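Just so it is clear, none of the values below were taken in a lab; they were calculated from the coordinates. Predicted model only: the values in this text are computed from it and were never measured. Every residue, glycine as well, gets a Cβ built from its backbone with ideal geometry; the counts of neighbours run over all protein chains shown.
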Amino acid sequence: MDSSSLRRTASPVLLAISTLFLLLSPHVHSASSPPPPPPPSPISLSFPPFSPSNLLCQFDKSLNLSADLICTPSNPPGQIVFSYDNDVISTRYQYKKPVQLWKKGSPYAASFSTQFTLQFHRDAERSVKRVFGGGIAFAVTPTIDAGDSGPESFGLFKIDDASGKAAGGKNPKTVAVEIDTSRDVTYSWDPQIPHVGLDISSVNSVASKFLWNGTAFIDRKIAVFIDYDAQKEVLAVRFQNVSASGKADKAKSTLFLSYAGLSLGKTVNEMSYVGFSSRVPVTTDGVYILYDWSFSTQWVLKKK
C-alpha cells in the first residue's frame, strides 16, 4: 500500500477517534470532578407553645424589667401579648438560635415560608377604632438584641429620620416585612397607614401597600403568609382576615406584595436570627396578640 492510500485510510479513523474523544470529554471531566456537597439540613419551627427556652424577648435593658411584662404569656396560656404600661418601646421576640439561610461556596440557598396570626386589640375603654402603637415586623436580623435602635425603626437598627436608611451609612444586614401602624408625617417616605412594607436594610420600604382602614384592621385576627423563593429570588406576602373562631388558611388569603430580585446571600448574614421586631404599644391604647407562628426552610439550587 502506497503512502497516499495509507493517508486516505487513516484520516477517517483519526476523525472518528477525535469525534469520540470530544463527545466523551465532558463526561470524563464530570466523572473526575467531585459532586457539590449536600445542602445544610432544613429547619422547621412551630409555636405555640411559646417558651422562653427557645424564644427570647429583648428590649431596652435600661428599663430593668422582667420580659414577662413586655412579652406576656396569656392566661390561659397559648398566646403572647405585647405591650408596655408606660410608653411605646422597641421589642424583639425571636427564635434564640440563628438559622442558616445560605452557605458560602455552595450552589444551594434556603427558601423559607413563615406564617403567623396576630391581632391589634384595642383597650376596652377606647371608643375610637384606630391603629395604635407602632406596628410589628417579621424580621431576619444579624443579632437578637434590640439594643438602642429606637422605636421608629421597629427595633431593627438606628435610622436616619430624614431618609429611613440605617444611620451612619452602615449595612444592618436586615430584611423585614413590616406591618406599620404609625406614620411620621414629617417625611414623605413613610406611606399611609396601616400598610405592609418590605424593608431591605432600611425602613424606607422598597415596596409597600395600604392594608385596610382602621375598622377592618383593628380588633380582629389577621393571618400573614410570607414565602421566599431562593431560586427565583422572589418574596411574596399574603394576608387573610380571619373570623374570631376561624383559622389561618392560605387558600383564603390575598396577595398584597410580591418583590423580585431579593438575594438573601447578598443581603443578610449566612447565620441570621428570625422572629419579630415591634414598636410595642402603650397598654392603655391596646395590645398586640400573637396567636401562632411557624417558620421553615427548604434548600434549593440558587439562581445562576
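Residues of segment 121-158 with an amide N closer than 20 Å to a point placed 7 Å from the Cα of GLU270 along the Cα-to-Cβ direction: 140-144. Once both labels are positioned 7 Å from their Cα atoms along Cα-to-Cβ, the gap between ALA216 and SER127 label points is 2.6 nm. According to the Kirkwood relation over distinct C-alpha pairs, the hydrodynamic radius of segment 194-240 is 12.3 Å. In this structure, ALA236 and LYS173 have a Cβ-Cβ separation that, at R0 = 22 Å, corresponds to a calculated FRET efficiency of about 0.50.
For PHE225, neighbours were defined as the other residues whose beta-carbon sits under 11 Å from its Cβ, and their charges (Lys and Arg +1, Asp and Glu -1) total +1.
Counting every alpha-carbon pair across segment 146-303, the share separated by more than 29 Å comes to 19%. Going by alpha carbons, how many degrees (0 to 90, nearest 10) lie between the helix axis of 3-32 and the longest principal axis of the chain? Helix 3-32 and the main axis of the chain meet at about 20 degrees. For segment 295-300, putting each phi into the Karplus relation 6.51 cos²θ - 1.76 cosθ + 1.60 with θ = phi - 60° gives couplings of 8, 8, 10, 9, 7, 9 Hz, in residue order, rounded to whole numbers and with x for Gly and Pro. Separation of the alpha carbons by more than 26 angstrom is noted, of LYS252/LYS303; LYS173/LYS221; LYS96/LYS129; LYS165/LYS247; LYS96/LYS170; LYS61/LYS266, for LYS252/LYS303; LYS173/LYS221; LYS96/LYS129; LYS165/LYS247; LYS61/LYS266.
State the percent of C-alpha pairs, over all pairs in segment 44-146, separated by a distance greater than 21 angstrom. It works out to 46 percent of all Cα pairs. For the pair ASN86 and SER74, the difference between a 0.36 nm per residue extended length and the Cα-Cα distance amounts to 2.3 nm. The alpha carbons of segment 108-171 give a radius of gyration and a Dmax of 15.9, 52 Å, in that order. Dimensions of segment 179-272 based on its C-alpha atoms, expressed as ranges along the principal axes with the largest first, amount to 40, 38, 21 Å.
As a size descriptor, the averaged projected area of the C-alpha convex hull of segment 99-235 was calculated at 9.8 nm².
Residues of segment 75-102 with the amide nitrogen closer than 15 Å to a label point 7 Å from the Cα of ASP145, along Cα-to-Cβ, please. Output list for this probe position: 92.
From the Kirkwood radius over Cα pairs of the chain, Stokes-Einstein at 20 °C and 1.002 mPa s returns a whole-number translational diffusion coefficient of 100 µm²/s.
In segment 224-304, the convex hull through the Cα atoms has an average projected area of 7.4 nm², a quarter of its surface area.
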